[in-house]
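Written below as structure tokens is the structure these notes are about.
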Amino acid sequence: MKLASLKNGSRDGALVVVSRSLEYAVPVPQITRTLQAALDDWDVISPRLAEVGTRLDDGNLAGAQRFDPRVAHSPLPRAYQWADASAYVNHVELVRKARGAAMPSEFWTDPLMYQGGSDSFIGPRDDIAFPDDAWGIDFEAEVAVITGDVPLGVAPAAARSHIRLLMLVNDVSLRNLVPAELAKGFGFFQSKPASSFSPVAVTADELGGAWRDAKVHLPLISHLNGALFGRPNAGVDMTFDFATLIAHAARTRELKAGTIIGSGTVSNQENGGPGRPVAQGGAGYSCIAEQRTVETITAGKPETPFMRFGDRVRIEMIDADGRSIFGAIDQVVRRRAQAAS
């Protein structure tokens with residue numbers, strides 16, 4: 001089953017069921033109006049939505065319309081909670097190595113996670129807009145899950161059953177604002193603005209055999225200004241699977257339906273060391289910062305610039321038959337006027 005939220009003038013959009021091909025969608029106000037409402041009563045509502053999806057794929061549903069991702073919100077236009085991890089510890093190790101920082105051994109056994117802003121997200125085809133591109137604008141291609149209600153202290157073995165949907169993420173980061181924030185010892189805030197998610201969220205069965213061990217075993221493909229930037233496999237080098245991440249988030253709190261848990265930047269090693277750029281035959285990277293880190297390690301300084309106004313990023317995942325699973329996040333960086341004082 002594939003679900004999306006279309007812009008309709010409200011904060012939460014209108015829920016639609018999307019065909020497996022991503023060509024068609026059908027509104028379902030007779031079942032529920034928003035994705036959050038569906039998640040709140042998932043056991044009752046999801047079978048009805050799945051039936052609509054089956055009929056839509058079979059071509060037996062009146063009222064279907066062309067699905068246009070340009071008028072889609074992120075599947076959850078806002079969420080009760082958005083927590084992003086760093087499950088690919090290779091990425092963390094590289095970044096720390098580039099700045100000469102030691103890698104604490106516990107990073108391999110205890111997940112890193114921060115709580116991001118979730119009061120609004122950027123639509124998957126909306127501009128990434130800031131007043132200043134000197135802030136070091138970067139994309140981060142990730143995978144995320146949406147959970148149902150998760151009890152406090154859930155064990156990883158039980159946490160997997162609370163996964164409702166999966167999405168792709170562009171966790172937009174302002175790299176040049178990070179050092180000053182982290183130096184305060186209180187975590188990210190200004191350097192982590194609104195994120196964006198894929199046009200559709202899907203149930204795990206849509207991934208077939210690529211969903212196993214609570215990981216997505218497919219390449220996550222990123223293009224920057226039309227050129228392939230990265231294609232690391234999301235199921236490789238993921239130190240902490242999604243069940244472990246959910247359990248980590250729920251160690252001291254309940255998670256309510258509609259909580260989003262991100263994987264962090266997808267990153268692959270190569271022969272036990274840093275991966276190579278696509279141009280050199282490697283899998284490339286899921287963010288500019290990692291490529292700059294590898295450049296620093298290998299050549300002594302970074303060469304690839306962060307995104308500037310007019311740059312475009314595209315993030316997508318393709319199944320074994322060459323079809324887009326989630327639709328593409330496709331965004332342009334634009335200048336945004338500073339708010340009047």
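Please go through (1) over 26 Å from ASP133 (Cβ atoms); (2) open to solvent by 50 Å² or more (accessible area, probe 1.4 Å) for ILE261 and return the number of the only condition it doesn't satisfy.
(2)
Looking at (1) out of contact with any strand residue (DSSP E or B) (no Cβ under 7 Å at 6 or more places or on another chain); (2) modelled with pLDDT under 95; (3) surrounded by fewer than 22 Cβ atoms within 10 Å (Cβ to Cβ), which is the only condition THR304 fails?
Result: THR304 passes all but (2).
Applying the selection to region 219-249, what residues are crowded, with 24+ Cβ neighbours inside 10 Å and assigned to a loop (DSSP other than H, G, I, E, B)?
Pass one, region 219-249, residues crowded, with 24+ Cβ neighbours inside 10 Å: 220, 222, 229-230, 232, 234, 238, 240, 242, 245-246.
Correct list: LEU220, PRO232, ALA234, MET238, PHE240.
Please go through (1) part of a loop (DSSP other than H, G, I, E, B); (2) under 19 Å from PRO124 (Cα atoms); (3) over 18 Å from the mean Cα position of the chain (by Cα) for GLY327 and return the number of the only condition it doesn't satisfy.
(3)
Counting residues that are open to solvent by 60 Å² or more (accessible area, probe 1.4 Å) and out of contact with any Asp or Glu (no Cβ under 8 Å at 6 or more places or on another chain), which strands (runs of 3 or more DSSP E) fully inside region 42-137 reach at least 3?
none
For region 57-93, enumerate the residues that are hydrophobic (A, V, I, L, M, F, W, C), at pLDDT 95 or above and closer than 30 Å to HIS248 by Cα.
LEU76, ALA79, TRP82, ALA83, ALA85, ALA87
Tally time: how many residues in region 15-41 are free of Cβ contacts under 8 Å to residues at least 60 places away in the same chain, outside any loop (DSSP other than H, G, I, E, B) and open to solvent by 30 Å² or more (accessible area, probe 1.4 Å)? Talk me through it step by step, then tell me what you get.
To start, the set of residues in region 15-41 that are free of Cβ contacts under 8 Å to residues at least 60 places away in the same chain comprises 15-17, 19, 23-34, 37-38, 41.
If we keep only those that are outside any loop (DSSP other than H, G, I, E, B) as well, we get 15-17, 24-27, 37-38.
With open to solvent by 30 Å² or more (accessible area, probe 1.4 Å) added as a condition, the list becomes 24, 27, 37.
Within region 15-41, residues that are free of Cβ contacts under 8 Å to residues at least 60 places away in the same chain, outside any loop (DSSP other than H, G, I, E, B) and open to solvent by 30 Å² or more (accessible area, probe 1.4 Å) number 3.
Looking only at region 233-241, decide whether some residue is modelled with pLDDT under 95 and of a type in the set (S, T, N, Q).
Scanning region 233-241 turns up no residue that is modelled with pLDDT under 95 and of a type in the set (S, T, N, Q).
Which numbered condition in (1) open to solvent by less than 40 Å² (accessible area, probe 1.4 Å); (2) part of a loop (DSSP other than H, G, I, E, B); (3) over 22 Å from ALA85 (Cα atoms) is the only one that VAL333 fails?
It fails just one condition, (2).
The values are calculated or read from the model by the stated rules, or taken from the named source; none is laboratory data. Values in this document were obtained by computation on a predicted structure and should not be read as measured data. Cβ coordinates were reconstructed from backbone atoms using ideal geometry, including for glycine residues, and neighbour counts include every protein chain displayed. Keep in mind that these areas ignore ligands, DNA and RNA; they rest on the heavy atoms of the full protein, side chains included. Shrake-Rupley method; radii C 1.70, N 1.55, O 1.52, S 1.80 Å.
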